[in-house]
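Notes to accompany the following structure.
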Amino acid sequence: MRITKDKKEAVLSYILEKIDSNDNVVQKTMEAFDISRKTVFKYIDELLSINAIKRIKRGEYVLSKSVSIFSLSREKGDLNREEVIFVDNVEPIIAGLPQNVKNIWEYVFSEMMNNAIDHSNAKKVTVSVIKDFANTTIIMCDNGVGIFKKIKDFFGYDSLDDAISELFKGKLTTDSLNHSGEGIFFSSRIMDEFVIISDGKVFSHNKYDMTDISSLEDYAELERVLSNKGTVLYMSLSNKSNKRIVDVFNKYSDVENGFIKTDIVLRNIFSSAPISRSQAKRLCERLSDFNEVELDFEGIEWMGQGFAHQLFVVFKNNNPKVKLIPLKMSEDVEKMYNHVVNTKYK
């Protein structure tokens, strides 16, 4: 049976994915595509020939990776212009990637490096760029004050968790005169993986369904930062991604009003069912800055009457121009939602 070009690309990508996850690559590929063992090894040989993978021993392979590490010192004047840092250190590594992927990396890297330069008070930033045939990953470590602590102290939040919760919404900045507070929000949504670690806390757009990043522990700089102070940023994107920056911006913005939409995955904020009015009040802070808010209830099995009433009745009555859109509600969550929105209160 002749294999089409598209199917071949799919098989090669699947093999790379299974090798990266240390899965049973040959058997899994045979089953997934209904092809013979001989065909699978044909594609493995092709990947070996272009140095996309390396054979460790019979039947075991690893992705071929290039690792480039560079350190930037504020004292030496390195932490100055983020676009220069990108051009000098990152652009040559991703030069052969599709233009849309290069555009994404230029935007995200520049935004995150600018945050390190302007907000972290770090004396040193260490950057690792890891590239293989399938993905490019950038790990940025600084020895600054710590992003969550900086936000907590600036806004007077009660806890680091409160600071992280506000990051999920967007439009959060400690320097409103010079920054829009959009960088982390849009970067986290355009990357395949985007994780911030600081003071033992984690921020990720898909925090509760986060890919295992335990391999980061191999990096001495990460271990140093986690045991001391500072911030670690982990970003990864497929080298063949079809994402475009403009599509992400268009999803949350319009030409006339700018950044007007946001979405919040509630499991990122609440580790258990949200119950109280105080939880809802905390969630509602700054939502009036948006015209439309999507609330993703996936994984939330129940919510309290006080929480639901405060969010969908009190907040809505006080902010009629803000459209709250609940998504992926369980049967019990939907029942409580219908109860509070349909009850006539005197």
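None of the figures in this text is laboratory data; all of them are computed from the coordinates on show. Because the structure is predicted, anything quoted here is derived from the model rather than measured. Every residue, glycine as well, gets a Cβ built from its backbone with ideal geometry; the counts of neighbours run over all protein chains shown.
General remarks:
- All C-alpha to C-alpha distances of the chain, sorted into 10 Å bins beginning at zero, yield P(r) values of 5, 22, 27, 23, 16, 6, 1, 0 percent in whole numbers.
- Electrostatic dipole magnitude of the chain [Cβ: Lys, Arg +1; Asp, Glu -1; Cα centre; debye, to 20]: 460 debye
- Other residues lying with their Cβ under 12 Å from the Cβ of Ile15 contribute a combined charge of -2, Lys and Arg counting +1, Asp and Glu -1.
- On the beta carbon distance between Ser73 and Glu17, with R0 = 41 Å, the FRET formula returns roughly 0.60.
- Shape category assigned to the stretch 124-169 from the gyration tensor of Cα positions, a/c cut at 1.5: oblate
- Projecting the Cα atoms of Asn257, Phe315, Phe290 onto the charge dipole of the stretch 248-315 (Cβ charges, centred on the Cα centre) puts Phe315 farthest toward the positive pole.
- MRE, 222 nm, helices only [DSSP H, n ≥ 4, -39500 (n - 2.57), over the chain, to nearest 500]: -12000 deg cm²/dmol
- On Cα atoms only, tilt of 5-20 relative to the major axis of the chain in degrees: 80 degrees
- Length released on extending from Lys281 to Val87, taking residue separation times 0.36 nm less the Cα-Cα span: 65.4 nm
- Sequence ranges 33-39, 304-310, ranked by mean other-Cβ count within 10 angstrom, highest first: 304-310, 33-39
- Fully extended contour minus Cα-Cα distance, from Lys344 to Asn257, at 0.36 nm per residue: 27.9 nm
- Nearest-ten-degree value, helix 160-169 long axis tilted from longest Cα axis of the chain: 80 degrees
- Loop GluC sites (Glu not before Pro), the stretch 254-317, which have at most 12 other Cβ atoms in a 10 Å radius of their Cβ (DSSP): Glu256, Glu301
- Neighbourhood charge, 9 Å Cβ-Cβ cut-off, centred on Gln310 and excluding it, Lys, Arg +1 and Asp, Glu -1: +2
- Between Gln27 and Glu301, the modelled labels are 3.3 nm apart [label points 7 Å from Cα along Cα→Cβ].
- Cβ-based charge dipole, the chain, positive-most Cα from Ser21, Thr231, Ile130: Ser21
- 3J(HN,Hα) from dihedral phi, the stretch 101-111, Karplus parametrisation 6.51/-1.76/1.60, rounded to Hz, x for glycine, proline: 5, 5, 5, 4, 4, 5, 5, 5, 4, 5, 4
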